[in-house]
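Undergrad: Dropping the structure in here first, questions after.
The values are calculated or read from the model by the stated rules, or taken from the named source; none is laboratory data. This is a predicted model, so every value here is computed, not measured. All Cβ positions, even for glycine, are placed from backbone atoms using ideal geometry, and neighbour counts span all protein chains on display. In case anyone asks, the SASA skips ligands and DNA or RNA and just uses the protein heavy atoms, side chains included. Shrake-Rupley method; radii C 1.70, N 1.55, O 1.52, S 1.80 Å.
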Amino acid sequence: MTFDLSARLVDRRAANLFRQRPLLQGPQGPLVRVDGRELLAFCSNDYLGLANHPQVIAAMQSGAERWGVGGAASHLVIGHSAPHHELEEALAAFTGRPRALLFSTGYMANLAVVTALLGQGDSVFEDRLNHASLLDAGLLSGARFSRYLHNDAQSLGKRLEKAEGNALVVTDGVFSMDGDLADLPALCTQARARGAWVMVDDAHGFGPLGATGSGIVEHFGLGLDEVQVLVGTLGKAFGTAGAFVAGSEELIETLIQFARPYIYTTSQPPAVACATLKSLELLRAEHWRREHLATLIRRLRQGAESIGLTLMDSPTPIQPILVGDSARAVRLSALLRERGVMVGAIRPPTVPVGGARLRVTLSAAHSAAQVERLLETLAECWPLVAADE
Ligand SMILES: *Cc1c(COP(=O)(O)O)cnc(C)c1O
């Protein structure tokens with residue numbers, strides 16, 4: 001008996017599912033150097049254009065000078081430093097919640113919450129299209145695991161009738177591969193009727209959505225009574241790294257006491273927290289970022305429709321172009337790339353079979369002219385693959 005890794009890799013290639021990592025040779029931004037070429041990119045999650053912002057860089061530099069480089073211990077031992085604490089307080093205030101807890105990644109924040117709140121004898125209800133980290137968290141918790149139809153409150157309601165123990169409804173705020181919004185008002189109504197809690201992972205809504213940018217819960221005018229657990233990530237619109245959970249005093253204290261992915265890991269470098277505090281300040285001061293982004297989204301949708309492309313129901317910076325077949329999606333992505341434009345092809349298993357797409361993401365750092373160039377290039381390349389079957 002031995003591991004047959006090569007057969008697995010060969011199958012992966014044959015199915016057009018083989019993945020490769022583009023090598024980025026400079027900072028993130030609309031114009032990037034990738035694999036030795038300058039490209040106009042529409043694939044990062046740097047929605048507000050903060051990942052390479054001079055003031056955020058300066059905050060990280062001075063943070064490193066003052067606080068050193070490494071966290072050097074877990075939060076509970078001696079790794080919880082003043083910048084982490086200040087950021088937690090700022091995020092709690094920004095989301096209008098009693099308390100927030102900082103994590104090094106969103107993946108870990110999700111594992112932490114679900115495994116700390118649920119165990120055997122409990123129930124977790126997840127949207128079928130939830131992010132992998134949420135699905136993994138549900139499975140790891142040992143709770144009864146149930147997936148409801150995408151964004152379907154009726155389907156959730158039916159499943160909730162069979163809930164046992166503590167019941168947690170878990171959803172992405174903005175679905176990461178489709179860009180659509182969770183129907184939180186309807187989902188929360190169902191949860192409430194059954195005494196279940198709601199957890200929202202707002203990785204892509206935190207920053208772009210809501211009147212102040214605090215995300216989808218603000219967008220729908222909901223609060224702690226409807227959404228007990230709010231997760232936001234800092235590596236996307238905030239341009240830095242890490243994540244947080246915001247909720248009640250008791251929720252946060254429970255995580256500190258019981259969440260293994262929180263307890264058994266080194267705190268993020270304090271300088272990263274210094275950088276995130278600066279991102280938060282810029283988000284609040286520079287309204288033009290969110291306004292400009294909204295203008296680009298409108299223009300892209302209008303332009304794509306006139307070319308005859310199939311878009312999804314998305315009001316967010318995630319604007320997938322549905323292609324269907326994986327090979328065709330790869331070919332369209334390659335044609336764009338030959339013309340200097342980079343858009344990632346997203347294929348199964350990240351999306352359902354037959355749901356391959358080009359995932360266009362927009363950033364406040366893009367100019368209107370760059371979006372026009374994307375549209376012109378799409379208009380040129382789409383007819384070349386539209387006839388393929
Ligand atoms: C990116 C993402 C995560 C993971 O966050 P990281 O900080 O990158 O680990 C979790 N949930 C969703 C919906 C995401 O898009």
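Undergrad: For segment 253-271, check the following and say yes or no: at least one residue is within 22 Å of the chain's Cα centre (by Cα), closer than 19 Å to Phe94 by Cα and in the same structural domain as Thr212 (by TED's automatic domain parsing).
TA: The answer is no; no qualifying residue exists.
Undergrad: All but one of (1) more than 16 Å from the ligand (Cβ to nearest atom); (2) within 30 Å of Val371 (Cβ to Cβ); (3) in a loop (DSSP other than H, G, I, E, B) hold for Gly70; state the number of the condition that does not hold.
TA: Unmet for Gly70, out of (1) more than 16 Å from the ligand (Cβ to nearest atom); (2) within 30 Å of Val371 (Cβ to Cβ); (3) in a loop (DSSP other than H, G, I, E, B): (2).
Undergrad: Please pick out the residue among Met199, Met177 that is modelled with pLDDT under 95 and under 17 Å from the mean Cα position of the chain (by Cα).
TA: Exactly one of Met199, Met177 is modelled with pLDDT under 95 and under 17 Å from the mean Cα position of the chain (by Cα), namely Met177.
Undergrad: Cβ contacts < 7 Å: first residue more than 16 Å from Thr240 (Cβ to Cβ), restricted to segment 101-112; second residue in a strand (DSSP E or B) and within 7 Å of the ligand (Cβ to nearest atom), any location; separation 6+ or different chain. Result?
TA: What qualifies is Asn110/Asp201.
Condition check ((1) touching an Asp or Glu at 6+ places or on another chain (Cβ under 7 Å); (2) at pLDDT 95 or above; (3) more than 11 Å from the ligand (Cβ to nearest atom)) across all residues:
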{"site": "Ser104", "(1), (2), (3)": "no, yes, no"}
{"site": "Gly119", "(1), (2), (3)": "no, yes, yes"}
{"site": "Asn130", "(1), (2), (3)": "yes, yes, no"}
{"site": "Ala137", "(1), (2), (3)": "no, yes, no"}
{"site": "Gly142", "(1), (2), (3)": "no, yes, yes"}
{"site": "Phe145", "(1), (2), (3)": "no, yes, yes"}
{"site": "Asp152", "(1), (2), (3)": "no, yes, yes"}
{"site": "Ala163", "(1), (2), (3)": "no, yes, yes"}
{"site": "Asn166", "(1), (2), (3)": "yes, yes, yes"}
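Undergrad: Also, I was wondering about something else. If you go through segment 170-185 one residue at a time, do you hit one that is more than 14 Å from the ligand (Cβ to nearest atom), surrounded by fewer than 21 Cβ atoms within 10 Å (Cβ to Cβ) and of a type outside the set (Val, Ile, Thr)?
TA: yes
Undergrad: Determine which single condition Ala356 fails, assuming it passes every other condition in (1) buried (at least 23 other Cβ atoms within 10 Å of the Cβ); (2) in contact with a Cys (Cβ under 7 Å, 6 or more places away or on another chain).
TA: (2)
Undergrad: Which of the helices (runs of 4 or more DSSP H) found entirely inside segment 214-277 contain at least 3 residues meeting this: in contact (Cβ under 8 Å) with a residue 60 or more places away in the chain and closer than 27 Å to Gly119 by Cβ?
TA: Result: 249-258, 260-263.
Undergrad: Quick one: in segment 278-303, of everything that is touching a residue at least 60 places away in the same chain (Cβ under 8 Å) and polar (S, T, N, Q), which residue is surrounded by the fewest Cβ atoms within 10 Å (Cβ to Cβ)?
TA: Looking at residues that are touching a residue at least 60 places away in the same chain (Cβ under 8 Å) and polar (S, T, N, Q), I get Thr295.
Undergrad: It is to be established whether one or more residues within segment 11-27 are assigned to a helix (DSSP H, G or I), open to solvent by less than 70 Å² (accessible area, probe 1.4 Å) and either assigned by TED's automatic domain parsing to the domain that holds Asp178 or over 28 Å from Ile318 (Cβ atoms) (or both).
TA: No, segment 11-27 contains no residue that is assigned to a helix (DSSP H, G or I), open to solvent by less than 70 Å² (accessible area, probe 1.4 Å) and either assigned by TED's automatic domain parsing to the domain that holds Asp178 or over 28 Å from Ile318 (Cβ atoms) (or both).
Undergrad: Among helices (runs of 4 or more DSSP H) lying entirely in segment 95-161, which contain 1 or more residues that are in contact with a Lys or Arg (Cβ under 6 Å, 6 or more places away or on another chain) and not polar (S, T, N, Q)?
TA: Filter on segment 95-161 gives 153-160.
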